[in-house]
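> Please read through the structure below; I'll follow up with questions.
Each value in this text was obtained by applying a stated rule to the coordinates, not by laboratory testing. None of these values were measured; they are calculated from a predicted model. Here the Cβ positions follow ideal geometry from the backbone for every residue, glycine too, while neighbour counts run over all protein chains shown.
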Amino acid sequence: MLKTMPDPSRLPSSATEAPLDDAAAVSALRSAVMRLSRRLKHQRVDESLSPTEMSVLGTLAGCGSATPSELARKEHVQPPSMTRIVALLEAKGLVRLEPHQEDRRQKVVSPTERAEVMLEESRRKRNAWLSELVGQLSEDEWETLRAAAPVLEKLARM
């Protein structure tokens, strides 16, 4: 059964548990989120794609078609890097480029059906992996994690 995490404001820092100060709590949160993110990134369906390529496909799936410049801003990369990433994804048949409706000098990037199927399979695999981990938590830990999910989502979107 699903279990929960300890109170996030507390973490064992020595033989006795003591509340974390804000700096320690931020550090613990950063570290935990980064480790979990790295582990989730390894749960991919297509190992030939880089994490950045998967992220671009995920952004397209979530936000819809975009120009390479818009994608570069959303992904926090330089436009020339995004141009290379889009070219790689196009060569793999995962995105298509179409003329921009208002500015014919620009292209609009859209995911192909193949990309959408691959992303759905990848989500299923990651969700199954994470569900297995969550199943090892106590009920209280799981309740705490469920309550924290919307807050973590808010932080991710800020």
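> Collect the residues in region 77-101 that are of a type in the set (Ser, Thr, Tyr) and touching a residue at least 12 places away in the same chain (Cβ under 8 Å), keeping them in residue-number order. Explain how you work it out, then say what you get.
Within region 77-101, the subset of a type in the set (Ser, Thr, Tyr) is 81, 83.
Once the filter is applied, which keeps residues that are of a type in the set (Ser, Thr, Tyr) and touching a residue at least 12 places away in the same chain (Cβ under 8 Å), region 77-101 yields only Thr83.
> Sort out which residues of region 17-38 are under 30 Å from Ser122 (Cβ atoms) and touching a residue at least 12 places away in the same chain (Cβ under 8 Å), and write them in order of number.
Ala28, Leu29, Val33
> Let me ask something else. I need a count of the residues in region 28-41 that are surrounded by fewer than 13 Cβ atoms within 10 Å (Cβ to Cβ) and over 12 Å from the mean Cα position of the chain (by Cα).
3
> Out of Glu143, Glu53, which single residue is in contact with a Ser or Thr (Cβ under 7 Å, 6 or more places away or on another chain), among the charged types (D, E, K, R) and surrounded by 12 or more Cβ atoms within 10 Å (Cβ to Cβ)?
On the way: Glu53 fails: in contact with a Ser or Thr (Cβ under 7 Å, 6 or more places away or on another chain).
Exactly one of Glu143, Glu53 is in contact with a Ser or Thr (Cβ under 7 Å, 6 or more places away or on another chain), among the charged types (D, E, K, R) and surrounded by 12 or more Cβ atoms within 10 Å (Cβ to Cβ), namely Glu143.
Yes/no per residue for (1) within 20 Å of Ala61 (Cα to Cα); (2) among the small types (Gly, Ala, Ser):
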site	(1), (2)
Arg96	yes, no
Pro99	yes, no
Arg104	no, no
Lys107	yes, no
Glu113	yes, no
Ser122	yes, yes
Asn127	yes, no
Gln136	no, no
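> Pairs, please: C-beta under 9 Å, at least 6 apart or cross-chain, first residue under 14 Å from Leu36 (Cβ atoms) and in region 125-142, second surrounded by 11 or more Cβ atoms within 10 Å (Cβ to Cβ) and of a type in the set (Asp, Glu)?
Val134/Glu141
> Would you check which residues across region 63-116 are on the phi > 0 side of the Ramachandran plot and under 21 Å from the mean Cα position of the chain (by Cα) and list them? Give the derivation first.
If we filter region 63-116 for residues that are on the phi > 0 side of the Ramachandran plot, which is where we start, we get 64, 76, 93.
Hits for region 63-116 are Gly64, His76.
> Looking only at region 103-119, which residues are among the β-branched types (Val, Ile, Thr) and surrounded by 14 or more Cβ atoms within 10 Å (Cβ to Cβ)? Outline the logic, then answer.
Taking region 103-119 and keeping what is among the β-branched types (Val, Ile, Thr), we get 108-109, 112, 117.
Listed by number, the residues that qualify are Val108, Val109, Thr112.
> With a cut-off of at least 3 residues that are under 30 Å from Leu29 (Cβ atoms) and out of contact with any Pro (no Cβ under 9 Å at 6 or more places or on another chain), name the helices (runs of 4 or more DSSP H) lying wholly within region 48-158. Outline the logic, then answer.
Values: elements: 51-63, 68-75, 79-91, 113-134, 139-157.
Of the helices (runs of 4 or more DSSP H) lying wholly inside region 48-158, those with at least 3 residues that are under 30 Å from Leu29 (Cβ atoms) and out of contact with any Pro (no Cβ under 9 Å at 6 or more places or on another chain) span 51-63, 68-75, 113-134, 139-157.
> For region 143-158, name all the residues that are over 23 Å from Ala61 (Cα atoms) and in contact (Cβ under 8 Å) with a residue 24 or more places away in the chain. Quick ask: steps written out before the conclusion?
The first filter runs over region 143-158 and keeps only residues over 23 Å from Ala61 (Cα atoms), leaving 143-148.
Within region 143-158, Glu143, Thr144, Leu145, Arg146, Ala148 meet the criteria.
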